[in-house]
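Novice: Have a look at this one before I ask anything.
The values are calculated or read from the model by the stated rules, or taken from the named source; none is laboratory data. Just so it is clear, the structure is predicted and the values come from calculations on it, not from any experiment. No Cβ is skipped: glycine too gets one built from the backbone with ideal geometry, and neighbour counts run over all protein chains shown.
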Amino acid sequence: MVYIMENNIKVSVIIPVYNAGKYLKQCIDSLVMQSLAEMEIIFVNDCSPCSDDEELIMQYMEKDSRIKYIKHEQNKGTAGAINTGLENCSGKYVTIVGNDDYLLDNKCYEYLFAEADKSNADVAGFGAYSFNDGNDRDRVQIYKNSYYKKARKVNPEHFPSEVTWNKLFKTDTIKKNDLQFNTNAKYEDIEFWYRYVITVNPVMVYIDKNYYMYRQRANSVMSTPANYIKRFDVYKMIYNFIKANNKEKEYRTNIIKWFNYPEQYEYFTDEIKDIYRQHSIEFMKEINVTADEIFNFLDMRVFKLFFSDKFITEKYSEVIENYKSVKYKYIKVNVLFYKLKREIKRLIGKF
């Protein structure tokens, strides 16, 4: 179907393309089937070594006038490709789609725009599924933000998912604040989202529908030690930005929760597990995590991971001493105290 492009573009979709290969067709099909006519689909080829990527996009361009194609002369990485898309987009709202992901509903952008525009929201979030490559039937719902079903300010207490691909952003709020994705950050989504929220103070609405299929690939950034280390580099960038904006007290709990037991931990190699432990402890020391913060906000499994480290054991010992005097006064504290004490005794037996 050929669409006549109108000047009043409602949604711009940016797709960074690099070595997409066999996944790209499914992604494009889910985009060109969108019912929204006032939409532009911007493919940014970041010097992809796969020549089939460009050829496939060109084939679809002949059929759908909503498609725009930009090719980098030099590789700029995912963040650089997104920035190129932002510089060239004209939609009232903008979103990002991974070149190996796809959409589930042909009317999703039509509906998302209507809801976002009605609420005059800076951001519209929506649900998604995650699936392992090759098994899209066995999918898991992710990123449900029910507390934003009515438009409201984003705040540290109710802080939505840090990814950008399950959100529509009002383009003006990005361009007026001169916001770009950090080309030095491997996890550019996380870094951008914190800077965006703190800079814009956005109003968000959440649409409780799962429109997006996020593909987990074996060769993702989570699978190599070198790339996982860079997650901590991003945390440090964000922490420094938060401090520079005098928001450390406000976002302190969010920062501490970065250290919580990651969902992917069980799938890490032993090498990555060691890296995770080492860099977590170093960063905990850097931001001076207190015993109470560890006890109140971190998963018990974190203690299991770091038990052999002196810094962590001293923090937990401090927690026990702090709560001994009140363990009979407060039932909740009493239960937590004995749970922790029992866990320590069990782990000590292993060493």
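Novice: Is it the case that residue 69 is aromatic (Phe, Trp, Tyr), surrounded by fewer than 18 Cβ atoms within 10 Å (Cβ to Cβ), within 26 Å of the chain's Cα centre (by Cα) and part of a strand (DSSP E or B)? If you could, list the steps in order and put the result at the bottom.
Specialist: Details: aromatic (Phe, Trp, Tyr): yes; surrounded by fewer than 18 Cβ atoms within 10 Å (Cβ to Cβ): yes; within 26 Å of the chain's Cα centre (by Cα): yes; part of a strand (DSSP E or B): yes.
For residue 69, the condition - aromatic (Phe, Trp, Tyr), surrounded by fewer than 18 Cβ atoms within 10 Å (Cβ to Cβ), within 26 Å of the chain's Cα centre (by Cα) and part of a strand (DSSP E or B) - is met.
Novice: Hey, among the residues in segment 34-66 that are among the hydroxyl-bearing types (Ser, Thr, Tyr) and in a loop (DSSP other than H, G, I, E, B), which one's farthest from the chain's Cα centre (by Cα)?
Specialist: From segment 34-66, those among the hydroxyl-bearing types (Ser, Thr, Tyr) are 35, 48, 51, 60, 65; that's our starting set.
From what's left, in a loop (DSSP other than H, G, I, E, B): 35, 48, 65.
Numbers: 35: 27, 48: 24, 65: 31 Å.
Applying the filter and picking the extreme gives 65.
Novice: When you check residue 209 against the structure, is it assigned by TED's automatic domain parsing to the domain that holds residue 127, of a type outside the set (Val, Ile, Thr), surrounded by fewer than 22 Cβ atoms within 10 Å (Cβ to Cβ) and in contact (Cβ under 8 Å) with a residue 60 or more places away in the chain, yes or no?
Specialist: Yes, satisfied.
Novice: Another question, then. Checking residue 110 against (1) of a type in the set (D, E, K, R); (2) exposed (fewer than 15 other Cβ atoms within 10 Å of the Cβ); (3) outside any loop (DSSP other than H, G, I, E, B), which single condition isn't satisfied?
Specialist: Of (1) of a type in the set (D, E, K, R); (2) exposed (fewer than 15 other Cβ atoms within 10 Å of the Cβ); (3) outside any loop (DSSP other than H, G, I, E, B), only one is false for residue 110: (2).
Novice: Okay, moving on. Please go through segment 119-133 and give me each residue that is among the charged types (D, E, K, R) and modelled with pLDDT of 95 or more, ordered by number. Walk me through it before giving the result.
Specialist: Taking segment 119-133 and keeping what is among the charged types (D, E, K, R), we get 122, 133.
If the condition is that a residue be among the charged types (D, E, K, R) and modelled with pLDDT of 95 or more, then 122 is the only one that fits.
Residue-by-condition table, conditions (1) crowded, with 17+ Cβ neighbours inside 10 Å; (2) of a type outside the set (Ser, Thr, Tyr); (3) at pLDDT below 60; (4) farther than 23 Å from residue 191 by Cα:
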site	(1), (2), (3), (4)
263	no, yes, no, no
271	no, yes, no, yes
315	yes, yes, no, yes
338	no, no, yes, yes
345	no, yes, yes, yes
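Novice: A further question follows. Just name the residue that is nearest to residue 96 (Cα to Cα) out of those in segment 33-52 that are in contact with a strand residue (DSSP E or B) (Cβ under 9 Å, 6 or more places away or on another chain) and surrounded by fewer than 16 Cβ atoms within 10 Å (Cβ to Cβ).
Specialist: 33
Novice: What's the number of the condition residue 297 fails, among (1) touching an Asp or Glu at 6+ places or on another chain (Cβ under 9 Å); (2) modelled with pLDDT of 80 or more?
Specialist: Status for residue 297: all satisfied but (1).
Novice: Can you tell me which of 85, 80 is closer than 23 Å to residue 8 by Cα and under 23 Å from the mean Cα position of the chain (by Cα)?
Specialist: Numbers: 80 fails: closer than 23 Å to residue 8 by Cα.
Exactly one residue qualifies, and that residue is 85.
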